């Protein structure tokens, strides 16, 4: 299995007046190839959790094992960081090379790959995010649109061919079309390569459209987990911990609250069309 946490707790600034328990006795298993959505209000522990997955943080108590590597003091974590790609919010702020190709190749050079190995991996990584190598390779990253810069930054991580890819708010600040395009490319490349994908997002629509299992965090714990349908049908419960549900699910839940026989786990426009079509054919035209 890809990631195994056992009774993981993490405390910031232990032994000081600023002591904060960010994670509290978290146990979790994520299988190879899963697509996980990680949601929770600000301060729920999401960012602290994912930083344990590549060893940026190490447990205060409990254990973390990722791709067979134990995350603990005294362990060489360089092999782990070659297996786990972590993309923080606004990764385009870390672009710095003169051309797109050189920037995407930066991690490969640091990993010691020979020049002949680098070009095809850079080209493939750019294609993975919808950018043609011959069109973009010699362009400055700083001449690109915001969405293109975001894709270049993610391509730099994909070029390393990680076994686990973690994306923290990957569409933050992008326009709606750029968000849709980026998520579509991520879905395609994950299906082709089969790596484990963990998406941290405040957008319930994005999580619903991409994830196969959702982990809900609250107060440093895993509050609940399940499929998108199982999670988002619990609208009132999610709102009680500072979250919400996708707009289409909200509509269905509102109609159900008025006594109409409609599914509570609608997540996509196509599902909504099908459900509403059956509802109207049944003669239920009033709302």
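The values are calculated or read from the model by the stated rules, or taken from the named source; none is laboratory data. Quick caveat, the model's predicted, so the values are computed rather than measured. No Cβ is skipped: glycine too gets one built from the backbone with ideal geometry, and neighbour counts run over all protein chains shown.
Would you say residue 38 is crowded, with 21+ Cβ neighbours inside 10 Å and either out of contact with any strand residue (DSSP E or B) (no Cβ under 8 Å at 6 or more places or on another chain) or in contact (Cβ under 8 Å) with a residue 24 or more places away in the chain (or both)? Show your work before the answer.
Details: crowded, with 21+ Cβ neighbours inside 10 Å: yes; either out of contact with any strand residue (DSSP E or B) (no Cβ under 8 Å at 6 or more places or on another chain) or in contact (Cβ under 8 Å) with a residue 24 or more places away in the chain (or both): yes.
So residue 38 fits the description; yes.
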Residue check, residue 87 touching a strand residue (DSSP E or B) at 6+ places or on another chain (Cβ under 9 Å) and farther than 14 Å from residue 162 by Cβ: no
Flag for residue 155 being assigned to a helix (DSSP H, G or I), touching a helix residue (DSSP H, G or I) at 6+ places or on another chain (Cβ under 8 Å), surrounded by 15 or more Cβ atoms within 10 Å (Cβ to Cβ) and touching a residue at least 40 places away in the same chain (Cβ under 8 Å): yes
Checklist (1) surrounded by fewer than 16 Cβ atoms within 10 Å (Cβ to Cβ); (2) within 22 Å of residue 212 (Cβ to Cβ) applied to residue 257, failing item: (2)
Search result, residues across the range 170-206 that are touching a strand residue (DSSP E or B) at 6+ places or on another chain (Cβ under 6 Å) and more than 23 Å from residue 266 (Cβ to Cβ): 190, 195, 196, 197, 198, 200
Residue count for the range 59-84, restricted to those that are modelled with pLDDT of 95 or more and in contact with a helix residue (DSSP H, G or I) (Cβ under 8 Å, 6 or more places away or on another chain): 3
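Could you check the range 26-143 for helices (runs of 4 or more DSSP H) lying wholly inside it with 1 or more residues that are in the same structural domain as residue 216 (by TED's automatic domain parsing) and within 15 Å of the chain's Cα centre (by Cα)? If you could, list the steps in order and put the result at the bottom.
On the way: elements: 46-52, 78-83, 100-110, 115-128, 133-136.
In the range 26-143, 46-52 are the helices (runs of 4 or more DSSP H) which contain 1 or more residues that are in the same structural domain as residue 216 (by TED's automatic domain parsing) and within 15 Å of the chain's Cα centre (by Cα).
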